[in-house]
Amino acid sequence: MSAALALVLSVLWPVAAHAAPAQGRAVLIGVPGLQWSDLGPEITPNLWRLAGQSAAGSLSVRAVGRVTCPYDGWLTVSAGVRSAVSYGCGLPPVPGPDGPGAAIPDYDYLYRVAGQKNAGTLGEAVHTAGECTTAIGPGAALALADRKGRVDFYAPASATLPPDALGRCRVAAVDVDDLIRPYVTGDRLPDVEEALTPQQRATALRRADARVGAVLDALPEDATVLLAGLADHGAAPHLRVAMMRAADASGRLLGAPSTHREDITLLPDITATMLAVTGIATPPTVIGVPWQTGGSRTGGTEAVRSELVNADVAGQTIRNAGGIFFTVVAVLQVAFYVTAFLLMRRRRGLGGVRVAALALASVPVSTYLVNLLPWHHTGAPALVLAGGIAGLALLLAAVALAGPWRRSPLGPLTVVAGVTAAVLAGDLLTGTSLQLNSLMGYTAVVGARYYGLGNIPFALFATSVLLLTTSIAHRLAGRGRRTAAVAAVVVLGCSAMILGGWPGVGSDFGGVIAFVPGIAVTALLIAGRRVSIVKLGGFCVAGGITVMIIAYLDHLRPPASQTHLGRFVGQVLTGEAMEVIGRKLGAMLGTLLSPNLMPIVITAAVFLVYALLRPDTASAGVLPAAFGHSPALRAGLIGTLVSGVVGMLVNDSGAAVLSMALALGVPLVLSVGIKALRDGTAGYEEAGQEPASSSLVSRSS
């Protein structure tokens, strides 16, 4: 049975190839603050030469806070999990001499006060395997220290390397702090994005490059070299340099299964990589996975440098524009509801309201489609990005209103919802290149997610799928095929739910929990059944059970192949899950006060409630007209609201989930109502379909 299960898992979740060789020698060279834009043949000749000999990628240095200081970066390598000290943000402590090695003073502070119970994991694993550690510089000592804070051989970073210093042990690390040290003032990094002038940074880069060159000259020939820009250098996070010089690595991209990207790796991956290279067993608490070389790079060192620099530019643009974008979306949404309320009460301008509704509903999917354009390669990426989103949204709204489907009240809704669902489903099946570096997706610069279905994309995916399925159900029920209508909602909804939650594809933990009750409520209402609080609670439990089954199957795979779903099961088994849940709960509660998100939730919710309670004065009967034309649409909107509310409670993005579900769903429903009211089709009574007042409302109220 276990062999059969392993065979199934290997087919469903293939293990990636090109892992680093075992039983070797690993040397980590940490250059905190180093970016790909720093490298060049004139200023950094040694680093430039190393880049040509290595696999190259971007390193996401996100640890715990918004930015990662050198202390936190080196500590994360030590622990194998994202880590941070509880005070300030500066350089790691200077160790004291301890024979040929060194010991970090007051090391147990990390356990007693800072709550860093995983500190020393790397060094302890090396010592347990009977191997020794060599550290050059304070950061290297922190990374390789065992649970007592000791390394076996140590030399200060400023000293000349002793003969054979890096050949004594199979595990070594070097702290090249020449680039980061000029930034530190009063033991802290500056709270500005760039504290040095270009000339000052160039000088620091030359010093760091010279140090790297000296280290490379002193390395044994059989050493696998890992070079990492381990930390940020100011108040803005950036993608940093990651290189691995090993056999058959030259000319390839450098990524890891942890990100499902061929060119992006994480800080905890360094821990796993050093252990994998040396053949030392990886402790179960290490969440990172070994670096892996990917496909061959296109062009030489300059070409790959340019691509990796552009990746950081894209991430920076998204990070900087995100707040402005969501503020604009919130203002447009609030203005839309206020204007629609005033116009609909006077029964004027309904055509304009419908156009505006479809344009607003077309904005979310446009934030993904714009990534089909090379906007981040332009000289003004933010402007091109904004213009591209606006142009695509208007184009989609025009298509929704121009085709033969425009004659049906549900036609434009079907187009916008169908395009949104298709784009996100296609993106999930092709590696989520559209969600990465998108305003309604995620970016590796921020480092919250690197692949799969993000929380906001989940809200849009669930909403578009539910509305699309109810549009299909509307046509089936109108032909007297209510059972087929219910089946369409269940089959299409569950297919989308599995796609969004499957490890390595959507990998969305909270999305499955929220999607199941939304699908179930929609299906029950279309079937004309009652939905009680008990049933709703049971659906939520079913969603939780479903996602835990998926996560457990993921946990059965080898550690290097697991996603965060499987690792969460491991954290449950080791008792560490409560810390993760606590952080996510805090993040969720923080969104409830968001000035960008909550106005969308409050305005849309108030508009919906008032429009349903006072249809004649609030919306000129637009919403009742939509539901009268298509009772299935009412079921879909209620299912969307259920998924949005549950998703808000179980995801760390909180209010973002519900606000985006409302931002897509409510304008589309209004567009249906306006068309139905103007065409006189509000009382939908095709064959086999009862009006909403006598069917769904009476049975589900």
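The values are calculated or read from the model by the stated rules, or taken from the named source; none is laboratory data. As the structure is a prediction and not an experimental result, all values here were calculated from the model. Quick reminder, even Gly has a Cβ in these numbers, built from the backbone with ideal geometry, and neighbours come from all protein chains shown. Only protein heavy atoms, including side chains, enter the accessible area calculation; ligands, DNA and RNA are left aside. Shrake-Rupley method; radii C 1.70, N 1.55, O 1.52, S 1.80 Å.
If you go through the range 252-282 and keep only what is farther than 11 Å from residue 450 by Cα, open to solvent by less than 30 Å² (accessible area, probe 1.4 Å) and either in a loop (DSSP other than H, G, I, E, B) or of a type in the set (Val, Ile, Thr) (or both), you end up with 270, 271, 273, 277, 278, 280. For residue 240, state whether it is among the charged types (D, E, K, R), open to solvent by 10 Å² or more (accessible area, probe 1.4 Å) and under 26 Å from the mean Cα position of the chain (by Cα). Here the answer is no, as residue 240 does not meet what is asked. Considering only residues in the range 335-393 that are in a helix (DSSP H, G or I) and hydroxyl-bearing (Ser, Thr, Tyr), the one that is farthest from residue 423 (Cα to Cα) turns out to be 339.
Kindly state which strands (runs of 3 or more DSSP E) lie completely within the range 114-185 and contain at least 2 residues that are open to solvent by 10 Å² or more (accessible area, probe 1.4 Å). Steps first, answer last, please.
Details: elements: 133-136, 153-155, 171-175.
Those strands (runs of 3 or more DSSP E) span 153-155.
Listed by position, the helices (runs of 4 or more DSSP H) contained in the range 1-87 that have at least 3 residues being more than 17 Å from residue 290 (Cβ to Cβ) and at pLDDT 95 or above are 45-53, 70-79.
Could we say that residue 323 is surrounded by 15 or more Cβ atoms within 10 Å (Cβ to Cβ), in a helix (DSSP H, G or I) and under 21 Å from the mean Cα position of the chain (by Cα) here?
For residue 323, the condition - surrounded by 15 or more Cβ atoms within 10 Å (Cβ to Cβ), in a helix (DSSP H, G or I) and under 21 Å from the mean Cα position of the chain (by Cα) - is not met.
Is the range 509-530 home to any residue that is buried (at least 18 other Cβ atoms within 10 Å of the Cβ), in contact (Cβ under 8 Å) with a residue 60 or more places away in the chain, polar (S, T, N, Q) and assigned to a helix (DSSP H, G or I)? Taking every residue of the range 509-530 in turn, at least one turns out to be buried (at least 18 other Cβ atoms within 10 Å of the Cβ), in contact (Cβ under 8 Å) with a residue 60 or more places away in the chain, polar (S, T, N, Q) and assigned to a helix (DSSP H, G or I). Output the residue which, of all residues in the range 345-359 that are of a type outside the set (D, E, K, R) and over 16 Å from residue 409 (Cβ atoms), is surrounded by the fewest Cβ atoms within 10 Å (Cβ to Cβ). Filtering first and then ranking leaves 352.
Could you identify the single residue in 191, 217, 209 that is at pLDDT below 95, in a helix (DSSP H, G or I) and among the acidic types (Asp, Glu)? Sole residue among the options that is at pLDDT below 95, in a helix (DSSP H, G or I) and among the acidic types (Asp, Glu): 217.
Only one of the numbered conditions (1) out of contact with any Gly (no Cβ under 8 Å at 6 or more places or on another chain); (2) farther than 14 Å from residue 55 by Cα is violated by residue 189, and that is (1). Screening 297, 245 for residues that are more than 20 Å from the chain's Cα centre (by Cα), charged (D, E, K, R) and at pLDDT 95 or above leaves exactly one candidate, 245.
Tell me which residues, restricted to the range 403-436, are surrounded by fewer than 24 Cβ atoms within 10 Å (Cβ to Cβ) and assigned to a loop (DSSP other than H, G, I, E, B). Scanning the range 403-436 gives 403, 408, 430, 431, 433, 434.
Take the conditions crowded, with 24+ Cβ neighbours inside 10 Å and either without any contact (Cβ under 8 Å) to a residue 60 or more places away in the chain or polar (S, T, N, Q) (or both) and apply them to residue 58. Does it pass? Answer is yes for this residue.
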